[in-house]
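Asks: Mind having a look at this structure? Questions to follow.
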Amino acid sequence: MKKVLLAASIASALSLFNVAQAASSGTIDFNGEITDATCDVVLNGGTSASGTVTLPTISKSLLSAAAGTTKTAGQTRFTLDAKNCVLGTSGKTKVQAFFKSSAANVDTTSGYLLNKTGTAKDVQLRLSYFTTGNIIDVNSNALASGSAEFVTITSGNTATMPFSVEYITNNNGTGANALTSGTVKGQVEYELQYD
């Protein structure tokens, strides 16, 4: 009888432990840092932080494939150029762009840029770090995940951040949403982050 009571007590205690582990609420800590480091930035060595990157006009056949087959084409290099960097007492020596996710501009599943106002169907735009070819998922926080590829700020207080953009399709569209020819127009906002 004592063994049965002991076993029942242990089982009861263990079930309470499991209930305690399955909490319905919790606490989230958020960490960040504000720095006095700052840089001006321009697109492709121009005079403005904003502008247009034009991809080549390609044949639809370069992207056509069996359903579910990912195809890319038209890779185009562009740069964000930091200049007039003032690092102050921040201890920061590197810079990188942080692309901001927006449901209006970014596919929430793939992290690629939507063909926001273009007429082509079943095609998006994919960003990558040009130097390594590593794909940028705009939905993720690259700094937090450790995947941001920071660039060292030179003694001249400048840094060049090279990227590429390309057309991408998974050939998943059917009927009216199948891959078609047409214009492709995507957009993304960015900010500079420091390390």
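What follows is calculated from the coordinates using simple rules that are stated; it is not laboratory data. Computed from a predicted model, the values in this text were never measured in an experiment. All Cβ positions, glycine included, derive from the backbone under ideal geometry; neighbour counts span all protein chains shown.
Asks: What per residue convex hull volume, in Å³, comes out for the chain when only alpha-carbon positions are used? Mind showing how you got there, number by number?
Replies: Details: hull volume 42.7 nm³, N = 195.
Hull volume over Cα atoms, normalised by residue count, gives 219 Å³.
Asks: For the chain, with only Lys/Arg (+1) and Asp/Glu (-1) charged at the beta-carbon, what is the dipole magnitude about the Cα centre, in debye rounded to 20?
Replies: That gives the chain a dipole magnitude of about 620 debye.
Asks: Further question on the same structure: For the chain, set up a GNM with springs between Cα atoms under 10 Å and report which of Ile135, Ile34, Ile58 has the largest fluctuation.
Replies: Between Ile135, Ile34, Ile58, it is Ile34 that shows the largest mean-square fluctuation.
Asks: Oh, and also: Through the Karplus equation 6.51 cos²θ - 1.76 cosθ + 1.60, θ set to phi - 60°, convert the phi angles of region 64-74 into ³J(HN,Hα) values in whole Hz; use x for Gly and Pro.
Replies: The phi angles translate into 6, 6, 4, 3, x, 8, 7, 9, 10, 6, x Hz.
Asks: Between Ile136 and residues 5 or more places away or on another chain, which pairs have amide H atoms under 5 Å apart, with H built 1.01 Å from N, and which residues are they?
Replies: Under 5 Å from the amide H of Ile136: Leu127, Ser128, Tyr129.
Asks: I've got another one for you. Using only the alpha-carbon atoms, how far is helix 2-21 inclined from the longest principal axis of the chain? Give it as 0 to 90 degrees, nearest 10.
Replies: Here the helix axis deviates by roughly 20 degrees.
Asks: For region 75-158, what is the per residue volume of the convex hull drawn over the alpha-carbon atoms, in cubic angstrom?
Replies: Convex hull of Cα atoms, per residue: 131 Å³.
Asks: Given H placed 1.01 Å from N in the peptide plane, which residues other than close sequence neighbours of Thr180 have an amide H under 5 Å from its amide H?
Replies: Lys121
Asks: With each label point set 7 Å from Cα along the Cα-Cβ vector, what nm distance links Ala176 and Lys116?
Replies: 2.4 nm
Asks: Can I ask one more? If packing is taken as the average count of other Cβ atoms within 10 Å, what order do 101-110, 71-80 fall into, highest mean first?
Replies: For the peptides 101-110, 71-80, the packing ranking is 71-80, 101-110.
Asks: If you don't mind, there's one more thing I want to ask. Within a 10 angstrom radius of the beta carbon, how do Tyr190, Tyr112 rank from fewest other beta carbons to most?
Replies: Ordered by Cβ neighbours within 10 Å, fewest first: Tyr190, Tyr112.
Asks: If amide H atoms are built 1.01 Å from N in the plane of the peptide, which residues on other chains or at least 5 residues away come under 5 Å of the amide H of Tyr190?
Replies: Lys100
Asks: Within a Cβ distance under 11 Å of Ala82, other residues only, what is the Lys/Arg minus Asp/Glu net charge?
Replies: Net of charged neighbours comes to 0.
Asks: Kindly write out, for region 169-176 in residue order, the coupling ³J(HN,Hα) from the Karplus curve 6.51 cos²θ - 1.76 cosθ + 1.60 (θ = phi - 60°), rounded to whole Hz, with x marking Gly and Pro.
Replies: 9, 9, 6, 9, x, 10, x, 5
Asks: Next question. Full-extension gain between Glu191 and Ala104, please, as 0.36 nm times their residue separation minus the C-alpha to C-alpha distance.
Replies: Full extension of this stretch gives 29.6 nm more.
Asks: A follow-up question, please. Expressed in nm to one decimal, what extension gain is obtained for the pair Thr70 and Asn139 from 0.36 nm per residue of sequence separation less their Cα-Cα distance?
Replies: Stretched fully, the Thr70-Asn139 segment lengthens by 22.9 nm.
Asks: Between Thr131 and Thr35, how many nm apart are label points set 7 Å from Cα along the C-beta direction?
Replies: Rounded to a tenth, the inter-label distance reads 1.5 nm.
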